[in-house]
Every structure is written in structure tokens, then in C-alpha cells.
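Step one of this worksheet: look at the structure below.
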Ligand code: B1M
């Protein structure tokens, strides 16, 4: 696919144009483009531009919301193709996923969930603004192997630690691996709060989830975080 098409996808996000975003996603699928390439080279790049423009005061909250709607429109078209990849595999592990309390950013978390599903994980997406106790209750209900906590704000990152504390309080911490991610999150932060791993993007989250499943199966293996 030409770089013009990726540029068009990127611009559709900056312009907050859901119809264009979804039409270009459809064209990409027809042309045999991998959904993840469309997301990474087109739409997510557009979101990056939006974040920069917002930070410079060149875009405002309603613009950012329109961009999010455009991103969701594109993902709605690409999602079924992505998920097809996961239907014929044995369950790789059970993941309870959500964005932490006080934080309503959902796109990155949803993308992580989609890719985990595409790679055979059974994902229970709790949505956004999820309290630690709810993560713990759902981890118990679904017998989760992994709890994944996303945070996009420096102010809500600390609630990732709260999720770990809730799992400890519920007596689940030893049974459940915790992975954290989101734009402001770092490997150092993951280590500081006692998470089992950090992933910088959705594909790395799949690799990390596989690694965490291996660690669960062989608890004596030294953990590489
Ligand atoms: Co907001 N926002 N936002 N926002 N927003 C950011 C995050 C910001 C960096 C923009 C900026 O200033 N440059 C900034 C945060 C600053 C900070 O704290 N460091 C910010 C702000 C300030 C705010 C508000 C406070 C604005 C206000 O009200 N004044 C407000 C907060 C609301 C709240 O949550 N309480 C707010 C609101 C919003 C919208 C609602 C308008 C909208 C979200 C809509 C929605 O999700 N439905 C929005 C958006 C769209 C953004 C930006 C532009 C884009 C986020 C996004 O979707 N990125 C963002 C700027 C940016 O990040 N560049 C920004 C695309 C997505 C694919 O990437 O989410 O990073 P990302 O996910 C990646 C990785 O991080 C990783 O994998 C994903 C895929 O590769 N990952 C994980 C994510 N979660 C993971 C979990 C894992 C592993 C990996 O394991 C569990």
C-alpha cells in the first residue's frame, strides 16, 4: 500500500473524520493490508500527532474526542480481521484487562486486548475507570492468569499500584501475573510498584503475556522483566 494511503489514514485521525477513517480501513483490507500495519503506520501515527498538537495548545479537548471517534471507527472495521487470527488456537491464557481508576483512555487498552485475543488469549475487557477491587473481583471470577492494567495519565499511573494492592488484599497476588502499560508507564515504574512486567505497545504486550504464562508454568525460572 502506498505511503499516501497511510498518510490519509493518519490525516483522518488528525481531522477527526470517522467516515474517512473507516473507508480507508475497508480499502486497506480489500488491498490485503495487515490490520496491524494499518494501525501502526496510519491510525496510531495520527493519534501521536493529535497528542503533540494538544500538548502544544493547537488542539482542544473536543478535537481530541473527535480523533478518538475516528480511531474507534477504523478499529471497528479492522477488529474482525484481527480477531480471526485467534479463533483456531487453544486458549493461551486468561487475561483480565482494563484502564485504571480515574482514566478514560481506552484505545491503547482495547488494541492490547484485540491483539491478545488474536494470539489466542481469552480476554475479559473491563473497560475504563476500573477500581482495583473490581480488577481483583473479576480476576477471581474468571480465574485470570494475568491482570493487565493500562494508564495514560501521570496522575492515574499510581492506581496501577492500587490494583496490585487489591490483588494482595484479595489473596490473589501469588496466582496472578500483573502487566502494566500506557504512554507514561516505564519499565522502572513497573518494577517500582511490583508488577511482573511492562509492555510498551500492543505487540510487546502479547510477547510479555506469553512470557508471563511460561513463568506461571515454571515458577522456578528467573523472571525477566
Ligand atoms: Co487524553 N491525554 N486526556 N484524551 N489523550 C493524553 C494521554 C496526553 C498525553 C495528551 C497530551 O497532553 N499530549 C495527556 C496526558 C498527559 C499526562 O498525564 N502525561 C492527556 C490529557 C492531559 C487528557 C485530559 C486530562 C485532558 C483534559 O481533560 N484537559 C483528559 C483526561 C480524561 C481522563 O482520563 N480522566 C483526556 C481525555 C482524552 C479524550 C477523552 C479526549 C481522548 C480519549 C478517548 C478514548 O480513549 N475513548 C484522549 C486522547 C485520544 C488522548 C491522546 C491524544 C491519544 C491516546 C491514544 O488513544 N493513543 C493522548 C496523547 C498520546 O498518547 N499521544 C492523550 C493511541 C493508542 C494506540 O496509544 O494509548 O499509548 P496508547 O496505547 C499504546 C501503548 O501505550 C501501549 O500499547 C498501546 C498500543 O500500542 N499500552 C499498553 C497501552 N495500554 C497498555 C496496557 C498494557 C500494555 C501496553 O498492558 C496491560
| Which residue out of 213, 179 is near the ligand (Cβ under 8 Å from one of its atoms), at pLDDT 95 or above and touching a strand residue (DSSP E or B) at 6+ places or on another chain (Cβ under 7 Å)? | 179
| request: Give the residues of the stretch 56-75 that are more than 22 Å from the chain's Cα centre (by Cα) and surrounded by fewer than 13 Cβ atoms within 10 Å (Cβ to Cβ), sorted by residue number. | output: 56, 57, 58, 60, 62
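The values are calculated or read from the model by the stated rules, or taken from the named source; none is laboratory data. As the structure is a computational prediction, the values presented were derived from the model and not from experiment. In this analysis, Cβ positions are derived from the backbone assuming ideal geometry, glycine residues included, and neighbour counts consider all displayed protein chains.
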